[in-house]
Amino acid sequence: MSAAERFERARENESFSSTLNVLRRRWPLIVGIVLVCVLILVVQHEHAGKSYAATASVAFQSTTLPDAALQVSASGSGEPLRDAATENLIAHSSEVAEGVRRQLHISTSAEELLDEVSVESAPDADVLHFTATTSDPRYSARLANAFASQYITFKAAAQVATIEAAQRQLQQEIDAQPVGSSDRVALEQSQERLGGLRAVAGGGANIIGLATAPTSPSGTKLSTTAIIGVLVGLAIAFSVIFLLESLDRRIKTIEEFEQEYRLPALAGVPQSAFSSPMAKDRAAGLEPFRILRSALDFTAVTRQIDTLLVTSAVSGEGKTTVAVDLAHAIALTGRNTVLVEFDLRRPTFGTHFHLRMTDGLTSAIVGRKEVGELLVQPLADLPSLLVLPAGRMPPNPSELLGSPSIGEILTELAVDGTFLVLDAPPLNPVSDAQVLLNNPAINAAIVVARVNRTTREEVRRAHAILSRHMVEPVGLVVTGLRDAARYGYEAYEANGPVTLQAGEDLLPGSHASSTLRRPAR
């Protein structure tokens with residue numbers, strides 16, 4: 001198989017997978033629309049007035065009795081379809097309807113009668129079918145038979161009028177011929193034949209099937225109506241879904257994020273992981289971040305990941321929570337971890353750790369204090385986790401983050417194998433994160449993306465920014481997942497979380513040590 005064929009097959013598989021994802025997400029809407037359509041059609045079927053159809057059939061001839069008697073060519077057009085259409089119009093004319101009114105002694109107008117009766121010609125025979133549809137089965141049969149009868153009567157009357165006209169014309173021709181001539185004799189014989197045919201004139205039409213009272217109403221059955229409702233509902237549902245998917249540009253699955261960012265998803269974080277704004281209250285839900293920690297350990301086999309920048313396309317995707325809980329999960333292994341708040345515009349570490357936001361990173365950048373003096377131990381039972389908050393909000397965050405002091409601070413923090421987690425601003429709204437992506441002291445980055453929040457355009461803009469800078473992202477963390485059980489996070493929590501004493505999650509033989517100055521306990 002060639003590369004082009006593999007590419008096409010991969011695209012087909014992606015398209016099929018995307019379609020299945022859409023159907024999986026939208027199935028309640030599909031079922032709801034189908035049920036509504038079926039219900040509406042069934043209710044209409046049950047409440048609609050029942051109608052009964054009865055049909056009478058009449059055979060007609062294009063050649064009339066005067067034509068046969070006078071031995072002349074047929075008066076028809078010679079085109080069967082045209083002759084059948086002509087007979088159809090005659091049968092469904094107001095003159096025939098007036099004859100039906102007189103025959104049945106009813107007060108219904110001719111127009112109303114024509115609305116209740118339809119006339120169709122058989123495709124391969126000179127036959128007309130008169131179908132009467134009313135709410136009374138017996139009346140439907142009487143009406144259909146009356147139309148058939150009056151059609152024959154109308155044809156007979158027209159034929160008699162034709163015979164009389166032919167007789168008058170022959171009489172004029174007879175009077176013009178000498179008495180005893182052979183032409184006069186032939187004309188007199190033709191006139192005698194016409195006189196004999198007048199008594200048996202019938203218009204060349206005969207009833208070949210009388211209508212009988214139907215025993216069941218016409219129209220579709222209830223089961224057929226339900227099937228039609230399902231088909232109509234599916235058509236409407238797929239149209240609505242197509243419209244919604246076209247208008248809604250938000251990304252809704254992990255697979256879509258991987259396709260747009262062209263990065264692997266390292267972990268998926270359910271919405272329940274964001275249940276509390278306080279980091280210590282989220283300790284029982286760190287399993288997704290342990291998975292993320294393991295994925296980063298695997299990636300670190302082939303590249304250095306000691307200083308990790310956490311960012312996102314736009315705000316509100318959960319990047320700070322991911323950075324905080326990832327640092328928490330890494331620190332639980334006993335490795336010294338420093339969490340640095342680089343989001344100088346909207347710092348939130350004070351909320352996550354209940355800290356007073358006074359001095360912090362900005363003080364270290366301007367040289368007001370040593371970085372070791374600014375580190376905070378936010379969790380009393382976890383000495384391996386230190387936090388460097390943003391500090392006072394500066395008027396020029398982009399310039400501060402682009403200063404040489406940032407590299408010196410990171411180098412000073414990353415001693416003795418300390419792992420640095422850097423909470424950076426989002427990529428699209430401001431240039432702060434883009435400045436950090438060019439800092440050689442940062443080894444790698446992860447991108448946080450939230451389902452049903454980030455649009456395709458925002459993701460593509462963020463991907464373009466990432467591709468232009470030095471720091472290479474290693475993968476995605478997808479947040480906001482609604483079905484946590486689908487990802488297995490609830491399978492091992494059936495018995496509830498186990499309460500650990502301080503240091504019990506540390507690896508055997510590990511010790512929280514660092515040459516950095518640590519806060520007094």
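Only the coordinates and a few stated rules stand behind these numbers; no lab work does. What you see is a predicted model, and the numbers here were worked out from it, not measured in a lab. Cβ atoms come from the backbone with ideal geometry, glycine included; neighbour counts cover every protein chain shown.
Worth a mention:
- Rounded is the label for the range 299-430, because the ratio a/c of its alpha-carbon gyration tensor axes (a ≥ b ≥ c) stays below 1.5.
- Three-way shape label, the range 353-451, alpha-carbon gyration tensor, a/c 1.5: rounded
- Cα-only Debye scattering, the range 194-342: base-10 log of I(q)/I(0) at q = 0.12, 0.16, 0.17 Å⁻¹: -0.75, -1.01, -1.09
- Among 249-258, 321-330, 164-173, 380-389, the order from most to least packed when residues are scored by Cβ within 10 Å on average: 321-330, 380-389, 249-258, 164-173
- For Lys319, a cut-off of 15 angstrom between C-alpha atoms picks up these aspartates and glutamates, skipping any fewer than 8 places away in its own chain: Glu341, Asp343, Asp423, Asp432.
- Nearest-0.05 FRET efficiency for Leu355 and Ser272, computed from C-beta distance (R0 22 Å): 0.35
- Computed from backbone phi, the HN-Hα couplings of the range 107-119 come to 8, 4, 6, 4, 5, 5, 5, 5, 5, 8, 10, 10, 10 Hz, rounded to whole numbers (Karplus: 6.51 cos²θ - 1.76 cosθ + 1.60, θ = phi - 60°; Gly and Pro given as x).
- Our coupling estimate for the range 370-378, obtained by passing each phi through the Karplus curve with A = 6.51, B = -1.76, C = 1.60 and θ = phi - 60°, is 6, 5, x, 6, 9, 6, 10, 9, x Hz, Gly and Pro reported as x.
- Residues of type aspartates and glutamates that Lys252 reaches as a straight line, Cα spacing below 20 Å, ignoring anything fewer than 8 places off in the same chain: Glu12, Glu14, Glu260, Glu317, Glu457, Glu458, Asp483
- Cα gyration tensor category, rounded, prolate or oblate, for the range 18-63 with a/c compared to 1.5: oblate
- Translational diffusion of the range 95-193, µm² s⁻¹ [Kirkwood Rh, Cα pairs; Stokes-Einstein; 25 °C; 0.890 mPa s]: 149
- Each peptide in 112-118, 465-471 was scored by the mean count of other Cβ atoms within 10 Å over its residues; highest first, the order is 112-118, 465-471.
- Label zone of Thr224 (point 7 Å out along Cα→Cβ, amide N under 18 Å): in the range 107-129 this covers 118.
- Reachable lysines, given that their alpha-carbon falls under 28 Å from the alpha-carbon of Lys50 and they are not under 8 places away in the same chain: Lys221
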